[in-house]
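The values are calculated or read from the model by the stated rules, or taken from the named source; none is laboratory data. As the structure is a computational prediction, the values presented were derived from the model and not from experiment. Neighbour counts are summed over all protein chains in view; Cβ atoms, including those assigned to glycine, are modelled from backbone coordinates with ideal geometry.
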Amino acid sequence: MKSEVKSANKDRQTLIISKYKQYLRLEKSLSANTYDAYLSDLEKLLHFTESEQIGIDDITLDDLQRFAAGLHDIGIHPRSQARIISGIRSFFHFLALSDFRKDDPSELLEGPKIGFKLPEVLSVEEIDAIIGAIDLSKDEGQRNRAILETLYSCGLRVSELCNLKLSDLYFKEGFIKVEGKGDKQRLVPISSRAIKEIENWFIDRNTRWRIKKDFEDYVFLARWGKNISRIMIFHLIKELAEKAGITKNISPHTFRHSFATHLLEGGANLRAIQCMLGHESIATTEIYTHIDRNMLRSEIIEHHPRNIKYRESKNFIKL
């Protein structure tokens, strides 16, 4: 009898997971990376319930709090803990929405407290130094130049750049079409400098690079003829930053942050920046107002006559 109940519970769990996958794909319209992350979060929870011999139908808030405490105990970073807990909340929201459960025990589940952290931002001079560190004598030199100019000119996510297609380029109009999170498309202005670097790359791409079948429409290619990967761009930027003598902890996303910050500093409207970045919520874009406030505070401390004593007390030196 026990084995029959166990088998029935397992079948029910398999059905729930299958339905949850459909929900994530069809209704949430998540990117591939976010979809995989949600399933990874669920896998962690199921491993916990199995070790505790608790069914999905029986799990309580206390159980979820013990699960969350376990994430802390094994040394998972608070930001990663918060992301996992967000994934767990999504799962229980789905269970309640789909009538697999009448309640949602995750509603009162609290995540770890995370301090506000501003992203690293590069100055225009630092970006120029990184691009200037590219060796144009190498086969991939012009491609790398075009990659970095496009990242900075358009503020793209690295996945958006990797998947950029020739059919997405509207150079005469000065725009490119980008497919962002949740397969949402947007038009982003592209600078004449980035257009020039891409067109120079096309000379090499079309004459010296072997392109594999089904990858003919991708703008940026790896040496073996397929579209370039996220990890390759990550390593490229790390290597070039080191060559340029920049010690900041940067990644491809740093170019996106710098794009938005420089636009805001130049007087661009926050809503326009939101559209260009493809943020669903203006709250996500508002992080750049904090960066701008820091810059304004520095300017006031440096230039306002009422701050002379403060500068002297803090040894504020004009660079």
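Every listed requirement among (1) in a loop (DSSP other than H, G, I, E, B); (2) in contact (Cβ under 8 Å) with a residue 60 or more places away in the chain is met by residue 56 save one, (2).
The residues of the range 216-264 that are assigned to a loop (DSSP other than H, G, I, E, B) and under 16 Å from residue 150 (Cα atoms), listed by number, are 219, 220, 228, 229, 251.
Scanning the range 128-172 for residues that are under 20 Å from residue 206 (Cβ atoms) and of a type in the set (Phe, Trp, Tyr) gives 170, 171.
Tell me the helices (runs of 4 or more DSSP H) entirely within the range 124-165 that contain at least 2 residues that are buried (at least 20 other Cβ atoms within 10 Å of the Cβ) and touching an Asp or Glu at 6+ places or on another chain (Cβ under 6 Å).
On the way: elements: 124-132, 141-154, 158-162.
By residue number, 141-154.
Kindly provide the set of residues from the range 169-199 that are assigned to a helix (DSSP H, G or I) and within 13 Å of residue 150 (Cα to Cα), ordered by number. Break it down into steps so the answer makes sense when it comes.
Here is the first cut: in the range 169-199, the ones assigned to a helix (DSSP H, G or I) are 181-183, 192-199.
Answer for the range 169-199, where residues must be assigned to a helix (DSSP H, G or I) and within 13 Å of residue 150 (Cα to Cα): 192, 193, 194, 195, 196, 197, 198, 199.
Here residue 134 meets each of (1) more than 23 Å from the chain's Cα centre (by Cα); (2) under 26 Å from residue 250 (Cα atoms); (3) outside the structural domain of residue 222 (by TED's automatic domain parsing) with one exception, condition (3).
Tally time: how many residues in the range 86-100 are within 15 Å of residue 46 (Cβ to Cβ) and out of contact with any Pro (no Cβ under 7 Å at 6 or more places or on another chain)?
7
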